[in-house]
1. Between T164 and K129, what length in nm is gained on full extension when 0.36 nm per residue of separation is reduced by their alpha carbon distance?
2. Taking the Cα centroid of region 101-131 and of region 33-62, what is the distance between the two, rounded to the nearest whole Å?
3. Taking loop as defined by DSSP and a crowding limit of 12 other beta carbons within 10 Å, which GluC sites (Glu not before Pro) in region 46-125 fit?
4. Which is farthest toward the positive dipole end of region 104-168 among P116, S141, S167, measuring Cα position about the Cα centre, with Cβ charges +1 (Lys, Arg) and -1 (Asp, Glu)?
5. Quick one: of K15/K46; K14/K46; K67/K147; K15/K55; K67/K162, which pairs are farther than 30 Å apart, Cα to Cα?
6. Grab the Cα-Cα distance for D51 and A39, subtract it from 0.36 nm times how many residues apart they are, and report the gain in nm with one decimal.
7. Which part of region 59-83 falls in the paramagnetic zone of M1, meaning amide N under 19 Å from the point 7 Å along Cα-to-beta-carbon?
Amino acid sequence: MVRYFDARLEPCKKKEFVFIGVIIRDPLGWNGIIYDDSARVIMRGKYASQDCTIKNGWFLYYHPNGKNSVGGKFENNIRQGLWMRWYPSGKLSDSILFINGQINGPSFSFYENGSPESWGNYLNGSPDKDWTYFHANGTMSTREKYKDGKLADIECFDTTGKSTGISCAVFRNPEIIGRYGGIMKFMQDSIALPIDEASALAQVTKIDLSLFRFYPPADRTWHADVTSPFSLHAHGCNSPLDTRRGTA
């Protein structure tokens, strides 16, 4: 049975579709497969009903090269349990744990060579207690302590392992690595809106984008809060995990 999906991989009307999918029924629900315009599989998942409005089971998203991108489980549209993300090479990028749709428990991230990038713990959606970050060469870059979800203490280290006190990349202004001339240029080129939302956006004069801190190492990750009347979606970020941390 054919179904149509928008840019956010949500079911939509035929005239609004961006991606086409098929669903096949089994005793536990409906298995969905979504394809891009090159007939490549970009997502597989389990739905509770044939209209594909309720995600209920394991979902796996794919990179353009066919390798796993993000995988995890939904229960009635709520993320539950371990979710994992992989690099296009197939190497593990990071993992987080969800309880009733909220990040709780240990979180780990890795460089593509397999060495650790960060580890720490979440409590009710916020960083909790001790967090440690590493430079690409394996030395510690930052050690953070959180209390009640807020940063209480921080110590930074250079790539040789020497402490630099509280002077580190976490306080630097945002930068986008590569061909982009700045954060706003990057956002303008990378955010895609469905047609109806794009029309409404033309009447909005301001989107409040607050980049409030960097996660070390500064040359790799950024964390953004976006305040907007729309549900924004970044190219290449179909996965649920990409709302937590982006890569520049």
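Quick note: the coordinates plus some simple rules give every number you see, no bench work behind them. Source: prediction; values computed, not measured. Every residue, glycine as well, gets a Cβ built from its backbone with ideal geometry; the counts of neighbours run over all protein chains shown.
1. On the way: separation 35, 0.36 × 35 = 12.60 nm, distance 2.11 nm.
Extra length available between T164 and K129 comes to 10.5 nm.
2. Cα centroid to Cα centroid, the span is 27 Å.
3. none
4. S167
5. Distance filter (> 30 Å) returns K67/K147; K67/K162.
6. 2.2 nm
7. Residues 76-77 qualify, since their backbone N sits under 19 Å from the label point.
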